[in-house]
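Structure record follows, encoded as structure tokens.
The values are calculated or read from the model by the stated rules, or taken from the named source; none is laboratory data. Because the structure is predicted, anything quoted here is derived from the model rather than measured. Positions of Cβ are backbone-derived with ideal geometry, glycine not excepted, and every protein chain shown enters the neighbour counts.
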Amino acid sequence: MSVKQQLRENRSEQTPLKIDGNHLVSNNIAENKQNKETEMGECDLIETCPFFNDKIKTVNIDTEQLKEKYCKNNNLNCARYMIVQALGREKVPDDLLPDQKTTAYQIIAES
Ligand code: SF4
């Protein structure tokens, strides 16, 4: 099943998603707990990411809180990271924030 197909199925079930490598998989509390213990950590894109390196213009956004939540602890739930994994870096909108997952899902589904 393609990433797009998985995305559509998960959206129709109103199930939160995560991306593991090139695969979208369903998400639940138990998986989240396990991921915290085994997979999550600092994002491997941190050195070159425009968001993390303050290259994105933001207004009234607590970027340090987003960096702590996503970049330093849970990149698999980052909207930017999802698009990089599914489509490549060049498809990430410059102004996309890590918590804009709905936008990420739309971009991936429409690609
Ligand atoms: S914004 Fe997303 S892709 Fe960029 S460093 Fe943070 S977690 Fe990684």
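Structure notes:
- Any hit, the range 34-41, residues being at pLDDT 95 or above, under 14 Å from the mean Cα position of the chain (by Cα) and not small (Gly, Ala, Ser): no
- Selection over the range 79-94 of residues that are more than 9 Å from the ligand (Cβ to nearest atom) and among the small types (Gly, Ala, Ser) gives a count of 2.
- Note on the range 49-63: residues that are surrounded by 15 or more Cβ atoms within 10 Å (Cβ to Cβ) and hydrophobic (A, V, I, L, M, F, W, C) amount to 4.
- Out of Leu76, Leu45, Leu66, sole residue that is buried (at least 17 other Cβ atoms within 10 Å of the Cβ), within 9 Å of the ligand (Cβ to nearest atom) and in a loop (DSSP other than H, G, I, E, B): Leu45
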